[in-house]
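In what follows, a single structure is set out as structure tokens and then discussed.
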Amino acid sequence: MKTSGFPRQARITKTDDFSSVFSLRKRLTGHFLAIHYAHAVGGEARIGLVVGKKTARRAISRNYMKRVLRELFRKTRCALPAFELVVRAQKPFSDTDYAVVEQEFAALLARLPRPKPQADA
């Protein structure tokens, strides 16, 4: 049974893992977010977050954006197939844009390709 927590295994932390997702060049984009994705080797979805200084100059803004994205992923993690996701903020957003960002995040996740069921041989 999966819980709605956010364990360490659900995070992409190593530079090599980020690079491997970026190198595949599979990306979904929206107004505020871009999601780079790759099929995960393990059985669960993992996330890495990128909010650059060009997007939001102040650390408090970058941290807020990462906190929001982490929470949105945490809520939907158990329903996602095994993907490694790197979510990159393209434009700054604040608490007034929360509903729009939440809808965009859900729409981008819905556009992820679903794995095809394997036929037993």
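Laboratory data are not the source of any read-out in this text; all were calculated from the coordinates shown. Everything numeric in this text was worked out from a predicted model, so none of it was measured. Here the Cβ positions follow ideal geometry from the backbone for every residue, glycine too, while neighbour counts run over all protein chains shown.
Values for this structure:
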| item | result |
| --- | --- |
| Those residues of the stretch 64-104 whose amide nitrogen sits under 16 Å from the label point placed on V50, 7 Å along Cα→Cβ | 66, 84-92 |
| Rough spin-label spacing in nm, given labels placed 7 Å along Cα→Cβ, for T96 and D17 | 3.6 |
| Linear extension gain, T29 paired with A106, 0.36 nm per residue minus alpha-carbon span | 26.5 nm |
| Degrees, to the nearest 10: 59-76 long Cα axis against longest axis of the chain | 30 |
| Which labelled figure in [x] 8.5; [y] 8.0; [z] 16.5 is mean projected area of the Cα convex hull in nm², once derived from the coordinates | [x] |
| Phi-based couplings in Hz for the stretch 83-98 (Karplus 6.51, -1.76, 1.60; Gly and Pro marked x) | 10, 9, 10, 10, 9, 10, 7, 9, 10, x, 9, 10, 5, 6, 9, 4 |
